[in-house]
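Okay, structure first, notes after.
The values are calculated or read from the model by the stated rules, or taken from the named source; none is laboratory data. Only a predicted model underlies this, so the values are computations on that prediction, with no experimental measurement involved. For neighbour counting, all protein chains shown are included, and Cβ atoms are generated from backbone atoms with ideal geometry for every residue, glycine included. All accessible areas refer to the heavy atoms of the entire protein, side chains included, with ligands and DNA or RNA removed. Shrake-Rupley method; radii C 1.70, N 1.55, O 1.52, S 1.80 Å.
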Amino acid sequence: MTTAYYTHDDCKRHEMGSWHPECPQRLQAIEDQLIASRIKDLLDCRDAPLASEASLARVHSADAIYRIRENCPSERSEYDHFPLDADTALNAYSWKASLRAAGAAIAATDAVLNAEVDNAFCAVRPPGHHATAKESMGFCMFNNVAVAARHALDVRGLKRIAIVDFDVHHGNGTEDIFRNDASVLMVGFFQHPYYPYCGTEQPASNMVNIPVPAHSQGQEIRSLVEQHWLPALRAYRPEMIFFSAGFDAHREDDMGQLGLVEADYVWITRAVMQIAGEFAQGRVVSCLEGGYNLSALGRSVAAHIKVLAGLD
């Protein structure tokens, strides 16, 4: 298996304050673990390009794009921040980082569809799955996976896309963008009740939302995946699968209260990769979402990538 690894130093320049858990050190922790695990040299490492505004506009309103582009502080004021909500802010480099994050997802999609690589992982920030069509929120600027999925549908001509979201928080932005869109199936589990406090009331027919209570453990999650995700994915027969890969459901991560460990991410990745092999020619793109305990994040991403790359 050839796995592309997309990232860019611009994604480390976006920051929302020294106190903020969605910090540049997240990407460094991942890279350090990949090096320590002797995985990085086995990946096809690529720089994330800049997404075009036209690509963003396939899923985001003009106002949402304008709000990010025009409100970043000047680079002369690199320590200034512009608040988008109570826990999401822009600094001088947020616009470029956001374009790199979405651009990585698009480039990874093209590389996989062009058969340059078998699959890809995008180590990018800011994350994306809380960003709705009209609003940035929850640490997210643009919805990277949604932008890439829409590119696969509208530009590359695919008919059926699946999005698998295993972040501890519900991907409300992705649901907002693709609600009732028959060309997209989204499956996810998430801690409930918990931020963003949605995903349980009248989900659309193309959403397989699985709310789980705090302190749920890996075996419980695996059983729910087997009961709900896998039958839905097989019935849908996706032509490509995207992971919204958040690792904050790890038991060491204080941003949630679920009990997953690296072995659970391995199991989930393998199960979804099997579906991709059956129906989607193995075509998978995975994009980083949450994960805030640096050690657990690095270990979990390494475990996830090892499965993508056929190293586990």
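Some points to look at:
- In terms of overall dimensions, the C-alpha atoms belonging to the range 145-271 reach 41, 29, 22 Å along their principal axes, ordered largest to smallest.
- Taking amide H positions as modeled 1.01 Å from N, with prolines and chain starts lacking one, the residues under 5 Å from THR132 and 5 or more places away or on another chain are MET137.
- Reachable aspartates and glutamates from LYS306, criterion Cα separation under 16 angstrom, eight or more residues apart if same chain: GLU31, ASP32, ASP41, ASP44, ASP118, GLU262, ASP264
- Here the sum of -39500 (n - 2.57) over DSSP H runs of 4 or more residues, divided by the residues of the chain, equals -11000 deg cm²/dmol at 222 nm, to the nearest 500.
- Electrostatic bookkeeping for GLU116 treats Lys and Arg as +1 and Asp and Glu as -1; over the other residues with beta carbon under 15 Å from its beta carbon, the sum is -1.
- Cβ crowding within 10 Å averaged over residues, with 66-75, 134-143 ranked highest first: 134-143, 66-75
- Heavy atoms of THR200 accessible to a 1.4 Å probe, total area in Å² rounded to 10: 50
- Alpha-carbon Debye profile of the range 1-116, log10 I(q)/I(0) at 0.11 Å⁻¹: -0.43
- For LYS96, the aspartates and glutamates whose Cα falls under 17 Å of its own Cα, not counting residues fewer than eight places away in the same chain, are ASP9, ASP10, GLU15, GLU22, ASP47, GLU53, GLU70, GLU75, GLU78, ASP80.
- All aspartates and glutamates inside 15 Å of LYS159 as judged from Cα atoms, apart from same-chain residues fewer than 8 positions distant: ASP181, GLU239
- Semi-axis lengths, largest first, of the ellipsoid equivalent to the range 134-214 are 22, 14, 10 Å, with √(5λ) applied to each eigenvalue of the Cα gyration tensor.
- Under 14 Å, Cβ to Cβ, from ILE163 - net charge with Lys/Arg +1 and Asp/Glu -1: -3
- Span from the the range 268-312 Cα centroid across to the the range 215-241 one, whole angstrom: 14
- Vicinal HN-Hα couplings computed from phi for the range 36-51 (Karplus, 6.51 cos²θ - 1.76 cosθ + 1.60; Hz; Gly/Pro x): 4, 7, 6, 9, 4, 5, 8, 9, 8, 7, 9, 6, 6, x, 7, 6
- Fully extended contour minus Cα-Cα distance, from TYR79 to ALA133, at 0.36 nm per residue: 16.6 nm
- Descending principal axes extents, the chain, alpha-carbon based, whole Å: 52, 42, 41
- The range 3-156, accessible area per residue, ligands and nucleic acids excluded (1.4 Å, Å²): 40
- Per-residue accessible area (protein heavy atoms, 1.4 Å probe) orders TYR93, TYR5, TYR195 as TYR195, TYR93, TYR5, starting from the largest.
- The chain - percent relative contact order, Cα under 8 Å, separation 6 or more: 20
- The peptide list 54-60, 99-105, put in order of mean Cβ contacts within 10 Å with the highest first, becomes 99-105, 54-60.
- In terms of overall dimensions, the range 45-175 has a Cα radius of gyration and Dmax of 14.5, 46 angstrom.
- Shape call, the range 162-208: gyration tensor on alpha carbons, a/c limit 1.5: prolate
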